[in-house]
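For reference, the structure is listed below as structure tokens.
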């Protein structure tokens, strides 16, 4: 990809495409060439060049004829390999599904972005069956964090390839899923924007599940503006309906419970610096302990994790059959833990979850947003995690800890880059809101982004 196009946001590319300065056909050739020549070939599991060229040709023709579909027309996009793309097998990061028939139709959200003119370039790598926050994959390789210059560090998971593709400048945006943090984790580790929508905001038809009580979708991209445009298209809107919201007198609460436990000093330092910048911009910020957050982890210790119960139910036959030998042993071990979670346990978890969601909502002031570090640490090295099972499971739990809170309480959230911590690696600030407050969350994030980044 030419130096002029690599790493650009959707907004920047759209400006060139709309004026005719950049032809979608040339852009897609540059994109495919950049992906093919990029040193890390573990980012994508497959490319769809024939489809990409056909869609780019159609986009170019529309724009030449004055029939542009909007700001996303002609912009390249990549899909986590949980999304059905017609003619391509959805592997969910597992060789156990590699011999399944190709998808006969696009997932609903794939169809929606195609209708907006976006050009699908291929499928991105991921943790097997989306069941890890670290992004290691023994079958298709482990993508390396583009922000790490000297050492191979993880991108985070499970949307590992989607994050790496954006961070490396190969595509301006890619789709992820988030069951316990799988959008926000890799966004923070890679220094990009990750938007996790409220569960149910988009159609899940054609998306391979992990835990349907927790699964949500959202893009990984370079700016919040890009996320706003993609969000609108995924909901079949012809244009966004979200207006930027002033930070003056905007209220934020820093949740002190759990989020900062064992956090790296570098993470806390850059987070607090970003908070100070928000305060100088006119935001009203307070701190509060939320005991209900500790209760979530106590419930998990007592009855088991909700995600594990539902993942086991989904994969029960696979785990007891020959496919188990083809799976990552770490995924198998974690999923089999769900067998210990009884039906009474599961129903109790669901009941307590509903009560905890209500309790947290009651403790939050109207119009207030939750402000926390996305993660307590920066991206760790790949090799020690690959070699040591105990380290892997401990790090996976620590990495998922902050973000899974939002899934359990059904929050929406945006992870914003806010600086650099240990080893010069990116740190993320997580802005979260109550269920179905997505429009207001994105409106606030639009204004907060530059301040959090330290650009104003």
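The values are calculated or read from the model by the stated rules, or taken from the named source; none is laboratory data. Just so it is clear, the model here is predicted, and its values are computed rather than measured. When we count neighbours, we look across all protein chains shown, and the Cβ atoms used for this are built from the backbone with ideal geometry, even at glycine.
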Being within 18 Å of residue 430 (Cβ to Cβ) and either part of a helix (DSSP H, G or I) or out of contact with any strand residue (DSSP E or B) (no Cβ under 6 Å at 6 or more places or on another chain) (or both) is the filter here, so list the residues in segment 167-181 that pass it.
167, 179, 180, 181
Return only the number of the condition from (1) modelled with pLDDT of 95 or more; (2) surrounded by fewer than 16 Cβ atoms within 10 Å (Cβ to Cβ) that residue 63 does not satisfy.
(2)
Taking segment 262-276 only, how many residues are over 23 Å from the mean Cα position of the chain (by Cα) and in a loop (DSSP other than H, G, I, E, B)?
1
Checking 252, 259 in turn, the sole residue that is at pLDDT 95 or above, surrounded by 16 or more Cβ atoms within 10 Å (Cβ to Cβ), touching a strand residue (DSSP E or B) at 6+ places or on another chain (Cβ under 6 Å) and assigned to a loop (DSSP other than H, G, I, E, B) turns out to be 259
Before we move on, is residue 326 touching a helix residue (DSSP H, G or I) at 6+ places or on another chain (Cβ under 6 Å), more than 19 Å from residue 179 (Cα to Cα) and at pLDDT 95 or above?
yes
Those residues of segment 284-313 which are under 18 Å from residue 128 (Cα atoms) and surrounded by fewer than 19 Cβ atoms within 10 Å (Cβ to Cβ), in sequence order
313
Looking at segment 408-423, which of its residues are in contact with a strand residue (DSSP E or B) (Cβ under 7 Å, 6 or more places away or on another chain) and farther than 27 Å from residue 248 by Cα?
421
Residues within segment 200-237 that are in contact with a helix residue (DSSP H, G or I) (Cβ under 8 Å, 6 or more places away or on another chain) and farther than 17 Å from residue 178 by Cα, tallied
10
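Results for (1) within 27 Å of residue 241 (Cβ to Cβ); (2) surrounded by fewer than 16 Cβ atoms within 10 Å (Cβ to Cβ); (3) out of contact with any strand residue (DSSP E or B) (no Cβ under 8 Å at 6 or more places or on another chain), shown as yes or no for each residue.
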residue: 373; (1), (2), (3): no, no, no
residue: 378; (1), (2), (3): no, no, no
residue: 392; (1), (2), (3): no, no, yes
residue: 442; (1), (2), (3): yes, no, no
Just wondering, is there one or more residues in segment 28-39 that are under 20 Å from residue 6 (Cβ atoms), outside any helix (DSSP H, G or I), out of contact with any helix residue (DSSP H, G or I) (no Cβ under 6 Å at 6 or more places or on another chain) and in contact (Cβ under 8 Å) with a residue 40 or more places away in the chain?
yes
Quick check: anything in segment 189-202 assigned to a loop (DSSP other than H, G, I, E, B), crowded, with 24+ Cβ neighbours inside 10 Å, within 11 Å of the chain's Cα centre (by Cα) and at positive phi?
no
Quick one: in segment 424-440, of everything that is touching a strand residue (DSSP E or B) at 6+ places or on another chain (Cβ under 8 Å) and in a helix (DSSP H, G or I), which residue is nearest to residue 186 (Cα to Cα)?
438
In this structure, is residue 318 touching a residue at least 40 places away in the same chain (Cβ under 8 Å) and farther than 30 Å from residue 191 by Cβ?
yes
